1. So how many residues does the stretch 174-196 have that are open to solvent by less than 20 Å² (accessible area, probe 1.4 Å), more than 16 Å from Glu255 (Cα to Cα) and charged (D, E, K, R)?
2. Would you please list the contacts, defined by Cβ atoms under 6 Å and residues six or more apart or on different chains, that run from a residue in the stretch 163-177 that is over 15 Å from Leu262 (Cα atoms) to a residue that is of a type in the set (Asp, Glu)?
3. Return the pairs, sorted by first residue and then second, in which the second residue is among the basic types (Lys, Arg) and open to solvent by 20 Å² or more (accessible area, probe 1.4 Å), the first residue lies in the stretch 247-276 and is farther than 13 Å from Leu181 by Cα, the beta carbons are less than 6 Å apart, and the residues are 6+ apart or on different chains.
4. Give just the number: which of (1) outside any strand (DSSP E or B); (2) open to solvent by 30 Å² or more (accessible area, probe 1.4 Å); (3) touching a residue at least 60 places away in the same chain (Cβ under 8 Å) does Glu298 not satisfy?
5. Select from the stretch 265-295 the residues that are of a type in the set (Phe, Trp, Tyr) and either assigned to a loop (DSSP other than H, G, I, E, B) or open to solvent by less than 60 Å² (accessible area, probe 1.4 Å) (or both) and write down the one among them that is nearest to Glu172 (Cα to Cα).
6. Select, from Gly237, Gly171, Gly259, the only residue that is surrounded by fewer than 23 Cβ atoms within 10 Å (Cβ to Cβ), of a type outside the set (Lys, Arg) and at positive phi.
7. Any chance you could count how many residues in the stretch 197-223 are farther than 11 Å from Tyr257 by Cβ, open to solvent by 10 Å² or more (accessible area, probe 1.4 Å) and in a strand (DSSP E or B)?
8. Given the criteria open to solvent by 10 Å² or more (accessible area, probe 1.4 Å) and under 22 Å from the mean Cα position of the chain (by Cα), does Val32 qualify?
Amino acid sequence: MSFDIIRSGRAVLHVTDLEKSRKFYDALGFIVTDADEEQIFLRGLEEHNHHSLLLKKKHEPALEVISYKVRSEADLDRLAAKLEQDGYQVKWIDKQKALGRAFRYQDISGLPIEFYCQMETVERKLQQYDLYKGAKVQRIDHFNCMVSDVEAAQDYYMKELGFACSEYTAGEEDKVWATWLHRKPSVHDVAFMNGDGPRLHHVGFWLKDPMSLIDGCDFLASIGYAPNIERGPGRHGLSNAFFLYLRDPDGHRIELYNGDYLTSDPDFKPIRWELNDPMRQTFWGHEAPDCWFEEATEVLDVNSQEKVKTTAAKLKKHKPTFVI
């Protein structure tokens, strides 16, 4: 590849009540970098970039964009040229708070994607332990997206954008039902799941240890957020992650995440899971509710800012059997 995508960088979510959102994300342990009456910029304790989550006050909840960081301005230009050559419409955005030059486009699945190189740096809070509370969120880790054609998304991201596959799920006729792709040397920067899409299933944030996840549950329950816990705690077979899924006040799904592994070796081979393997989604833990499979955040068109119409999943929907 003539360009270098480094990692997942940030998500921009539309929320309907900034004060309710602030209280929820504060309870998870996020740091507020900056805020005004229209938006809140949040980051994890170890992050030196200005933010990894931007909440904007709007009339309806939606995903505005998910963003990836590239290594240099030259990488940004080469990537934009490549996408235009492939027939995509690239929209350059020069004025965003804390962000340098960036462009957005609608990817092969219809997801709103942004690439940037530079973001303002701020003080890391990693060793300011007096600020640690809730789940003590450390950094952004990944996006998980529901798309109608997983194989098409996987093929384009791997062949054209340089992502690698760590694990995948295959079902009937060896069709790929879900895939975990990465640029940084961990299990994933983005996962694609079979479903009506494009929609954002969740944004995953890394925790320093499993106990932080338990602390987060205790803290959330103590201030009335126990009903916001959707699934978990538990451990995935896929990725080996110790997980907890939460719904914020607008229904956006957040995963708290710890426990995956190194994928940097050039001879690493993707791990295949059978769709009906009961340990695939839940190595141990309670069964996922139906809403985990059906509900997700709608996404916006990068040009019109209208919601993108969803397309039915190409593969038959399938709720796996779980170990309880």
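1. Count: 0.
2. Pairs found: Val176/Glu151.
3. Note: pairs meeting the criteria are Pro249/Lys20; Arg253/Arg247.
4. Only one criterion in (1) outside any strand (DSSP E or B); (2) open to solvent by 30 Å² or more (accessible area, probe 1.4 Å); (3) touching a residue at least 60 places away in the same chain (Cβ under 8 Å) is unmet by Glu298, namely (1).
5. Trp273
6. So the residue among Gly237, Gly171, Gly259 that is surrounded by fewer than 23 Cβ atoms within 10 Å (Cβ to Cβ), of a type outside the set (Lys, Arg) and at positive phi is Gly259.
7. The number of residues fulfilling the criteria is 1.
8. Yes, satisfied.
The values are calculated or read from the model by the stated rules, or taken from the named source; none is laboratory data. Small disclaimer: the values here were computed from a predicted structure and weren't measured. Methodologically, a virtual Cβ is constructed for each residue, glycine included, from the backbone with ideal geometry; neighbour enumeration extends over all protein chains shown. Note: areas computed on protein heavy atoms with side chains; ligands, DNA, RNA excluded. Shrake-Rupley method; radii C 1.70, N 1.55, O 1.52, S 1.80 Å.
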